[in-house]
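Here the structure comes first, spelled out in structure tokens, and everything after it is commentary.
The values are calculated or read from the model by the stated rules, or taken from the named source; none is laboratory data. Not measured: the values here are computed from a predicted model. All Cβ positions, glycine included, derive from the backbone under ideal geometry; neighbour counts span all protein chains shown. Only protein heavy atoms, including side chains, enter the accessible area calculation; ligands, DNA and RNA are left aside. Shrake-Rupley method; radii C 1.70, N 1.55, O 1.52, S 1.80 Å.
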Amino acid sequence: MSTTIDMTRIPQHIAIIMDGNGRWAMDRGLDRTFGHKAGLDNLETVTTLCSNLGVKYLTVYAFSIENFNRPAYEVEALMGLVLSFIKMDLFHNNNVSFHVVGDRDRLPQSVQDKLRSMEEETAQYDGMALTIAMSYSSKQEIVHAAKVIARKVQNGEMSADDINEDTMKENLWTSWMPDPDLLIRTGGEIRISNYLLWQCAYSEFYFCDIYWPDFDEETLHQAIASYQRRQRRFGKTEEQVENEEKL
């Protein structure tokens with residue numbers, strides 16, 4: 001039986017930690033790199049599914065800065081996959097724009113050029129924004145924002161008293177998008193691994209054991225249905241939220 005979801009309450013922004021690619025491959029007696037290829041193929045499928053549901057922002061964790069510590073052959077294979085990553089028809093056919101957040105300077109120049117080209121070619125699309133966190137660390141993102149703000153104070157462009165939550169948000173790599181409503185992590189781990197720490201302060205979390213290459217439409221619907229059963233209070237009481245909903 002398929003999971004029913006309320007199409008009037010689709011989360012505006014879904015963030016995903018696409019975990020389990022390597023284990024998916026090893027369970028099949030394959031090299032881990034085959035799992036990463038299957039994972040990228042599935043990202044195309046999930047991007048289309050989310051776009052069709054009316055999701056406005058889809059942000060996925062593709063490669064952390066810590067992932068550079070993996071075996072060199074695996075990192076090299078991942079970089080090669082990026083160069084062949086996602087056919088442009090995906091964006092053209094679904095009115096999806098492509099974006100990247102992370103420390104691009106750590107990436108090979110060929111990968112940087114590819115990512116920039118994809119951003120430029122899809123900039124006119126205004127349906128859904130697909131953002132890839134690549135060479136990304138949330139802690140580094142926050143440190144980077146703090147340094148930018150510190151320089152502004154040092155240069156007399158603002159005072160320390162002007163610094164608030166809005167100031168921090170404006171200087172994050174994700175400043176142009178709303179915070180995630182729903183964070184999904186596949187692969188069975190129950191942690192967020194240095195991903196969107198500031199942005200996920202009030203996100204709803206959904207963890208599942210399914211490896212990312214097997215994450216399909218039904219699993220996506222299960223995650224959204226779980227989100228829709230929850231009451232988002234943002235620090236308020238249940239009664240306060242219910243009274244506001246009645247207005």
Seminar exercise, completed: segment 188-218 and segment 1-67 have their Cα centres apart by a whole-number Å value of 10 Å
Problem set entry | Max mean-square fluctuation residue, GNM over the chain, Cα-Cα springs under 10 Å, options His92, His36, His221 | His92
Exercise. Can you pull the percent of segment 127-247's accessible area that's carbon plus sulfur, 1.4 Å probe, other chains left in place?
Worked result: 48 percent
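Please give the charge dipole size of segment 84-148, origin at the Cα centre, charges +1 on K and R Cβ atoms and -1 on D and E Cβ atoms. Round to the nearest 20 debye.
Numbers: 7 positive and 9 negative charges, 58 e Å.
The dipole magnitude comes to about 280 debye.
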Exercise. Leaving out ligands, DNA and RNA, what percent of the accessible area of segment 1-100 is carbon and sulfur, probe 1.4 Å?
Worked result: 53 percent
Problem set entry | Residue-normalised accessible area of the chain, expressed per residue, 1.4 Å probe, Å² | 51 Å²
Seminar exercise, completed: Of the residues Tyr136, Gln124, Asn155, the Cα lying farthest along the dipole of segment 44-189 towards its positive end, which is defined by charges on the beta carbon of Lys, Arg, Asp and Glu, belongs to Tyr136
Exercise. Please state the relative contact order of segment 105-223 as a whole percent: Cα pairs under 8 Å, 6+ residues apart?
Worked result: 22 percent
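What are the semi-axes of the equivalent ellipsoid of segment 1-92, taken as the square roots of 5 times the eigenvalues of the Cα gyration tensor, listed largest first and rounded to whole Å?
One finds semi-axes of 28, 15, 13 Å for segment 1-92.
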For this session: Be a star and scan segment 193-234 for residues whose amide nitrogen sits under 18 Å from the point 7 Å along the Cα-to-Cβ vector of Met168.
Result: 193-204, 234
Exercise. What stretch of the chain, leaving out the sites themselves, is the longest with no GluC sites (Glu not before Pro) in a DSSP loop having at most 14 other Cβ atoms within 10 Å?
Worked result: 1-156
Seminar exercise, completed: Note on segment 1-118: contact order normalised by length, alpha-carbon pairs under 8 Å, 6 or more apart, percent, works out to 26 percent
For this session: Might you report the magnitude of the Cβ-based charge dipole of the chain about its Cα centre, with Lys and Arg at +1 and Asp and Glu at -1, to the nearest 20 debye?
Result: 400 debye
Exercise. Using the Cα gyration tensor of segment 167-210, with a ≥ b ≥ c the square roots of its eigenvalues, what is the shape: rounded (a/c below 1.5), prolate (a/b larger than b/c) or oblate (neither)?
Worked result: prolate
Problem set entry | Listed residue (Ala225, Ile10, Leu183) projecting farthest to the positive dipole end of the chain, Cβ model | Leu183
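Report D for the chain in µm² per second (integer): Stokes-Einstein, Kirkwood Rh on Cα pairs, 25 °C, 0.890 mPa s.
127 µm²/s
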Exercise. Most fluctuating residue of Ala25, Ala62, Ala133 in a GNM of the chain with Cα springs under 10 Å: which is it?
Worked result: Ala25
Problem set entry | Normalised contact order of the chain, rounded percent, pairs of Cα under 8 Å and 6 or more residues apart | 28 percent
Seminar exercise, completed: Sparse-neighbourhood loop hits (trypsin sites (Lys or Arg not before Pro), segment 1-88; DSSP loop; Cβ within 10 Å at most 15 others) -> Arg28, Lys87
Problem set entry | Cubic angstrom per residue, convex hull over Cα atoms of segment 157-247 | 167 Å³
Exercise. Top mean-square fluctuation among Thr47, Thr122, Thr237, Gaussian network model of the chain, C-alpha springs under 10 Å?
Worked result: Thr237
Seminar exercise, completed: Honestly segment 59-169 on the Cα gyration tensor test (a ≥ b ≥ c root eigenvalues; a/c under 1.5 rounded, otherwise a/b vs b/c for prolate or oblate) is just oblate
